[in-house]
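Beneath this line is the structure, given in structure tokens, with notes to follow.
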Amino acid sequence: NAGVTQTPKFRVLKTGQSMTLLCAQDMNHEYMYWYRQDPGMGLRLIHYSVGEGTTAKGEVPDGYNVSRLKKQNFLLGLESAAPSQTSVYFCASSFWGVTQETQYFGPGTRLLVL
Amino acid sequence: AQKVTQAQTEISVVEKEDVTLDCVYETRDTTYYLFWYKQPPSGELVFLIRRNSFDEQNEISGRYSWNFQKSTSSFNFTITASQVVDSAVYFCALKAAGNKLTFGGGTRVLVKP
């Protein structure tokens with residue numbers, strides 16, 4: 001049982017390049033989330049998904065797109081990377097999105113945009 | 001709107017000292033959950049505890065203890081007899097209505113041998 005995994009662990013992009021971050025979970029969770037972590041700001045929600053085929057915007061969605069084609073996978077895309085997107089990205093999942101559900105996090109992806 | 005404030009950005013202690021991390025939250029919802037996560041130097045986020053708004057009973061788990069006080073909107077975390085392995089960034093988080101988990105800015109704890 002691997003929990004939540006993320007690919008890649010680290011990536012360097014040039015401004016304007018695109019890339020996709022992959023999140024996978026093997027806990028049969030319904031809800032999946034993408035956060036970014038910046039120094040001194042904690043984690044902020046980018047997008048989330050309440051189930052296969054659905055996505056919704058979080059707190060800081062601009063410049064990102066997501067897709068949830070399979071229940072176990074949640075993809076985060078950057079179509080045209082900008083230096084402001086340099087951050088550590090965390091994926092999380094939970095059984096349901098109700099208040100009491102604990103979110104479990106992946107190991108993170110460190111992204112540097114030059 | 002929900003907000004979580006961790007006023008201490010960094011705390012440095014010597015091994016075996018106790019350390020208390022402060023967390024103050026804001027929400028208008030009457031039902032909410034509070035969480036603490038640990039982020040060690042390796043970078044992953046590790047879930048430590050979850051408490052609901054109806055249960056103000058304090059909790060102890062080994063060297064960790066949590067003090068939840070609704071009257072002051074605080075959910076403080078104490079590490080007793082700290083160890084070097086406790087060195088990490090600790091995040092307090094709040095989840096009320098909706099799907100958003102709101103994090104505080106984190107407190108870095110450095111335990112020196």
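The values are calculated or read from the model by the stated rules, or taken from the named source; none is laboratory data. These figures come from a predicted structure and were not determined experimentally. Virtual Cβ from ideal backbone geometry, glycine too; neighbours counted across all protein chains shown. Calculation scope for accessible area: heavy atoms of the full protein, side chains included, ligands and nucleic acids excluded. Shrake-Rupley method; radii C 1.70, N 1.55, O 1.52, S 1.80 Å.
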Within segment A:95-112, does at least one residue satisfy the condition of being more than 17 Å from A:Thr7 (Cα to Cα), buried (at least 16 other Cβ atoms within 10 Å of the Cβ) and more than 9 Å from chain B (Cβ to nearest Cβ)? no
Only one of A:Met27, A:Met32, A:Met41 that is touching a Ser or Thr at 6+ places or on another chain (Cβ under 8 Å), surrounded by fewer than 19 Cβ atoms within 10 Å (Cβ to Cβ) and either within 14 Å of chain B (Cβ to nearest Cβ) or assigned to a loop (DSSP other than H, G, I, E, B) (or both): A:Met27
Just for strands (runs of 3 or more DSSP E) wholly inside segment B:2-113: which have at least 2 residues that are more than 14 Å from chain A (Cβ to nearest Cβ) and open to solvent by 10 Å² or more (accessible area, probe 1.4 Å)? B:10-14, B:59-61, B:64-69, B:74-79, B:107-112
Say whether the condition of being facing another protein chain (nearest Cβ under 8 Å), in contact (Cβ under 8 Å) with a residue 12 or more places away in the chain and outside any strand (DSSP E or B) is met by at least one residue in segment A:72-80. no
Hits in segment A:1-23 - residues which are farther than 12 Å from A:Leu76 by Cβ, among the aliphatic types (A, V, I, L, M) and touching a residue at least 40 places away in the same chain (Cβ under 8 Å): A:Val4, A:Val12, A:Leu13
Kindly indicate the residue of segment A:74-90 that is exposed (fewer than 15 other Cβ atoms within 10 Å of the Cβ) and either under 12 Å from the mean Cα position of the chain (by Cα) or among the charged types (D, E, K, R) (or both) and also farthest from A:Met27 (Cα to Cα) among those meeting that condition. A:Glu79
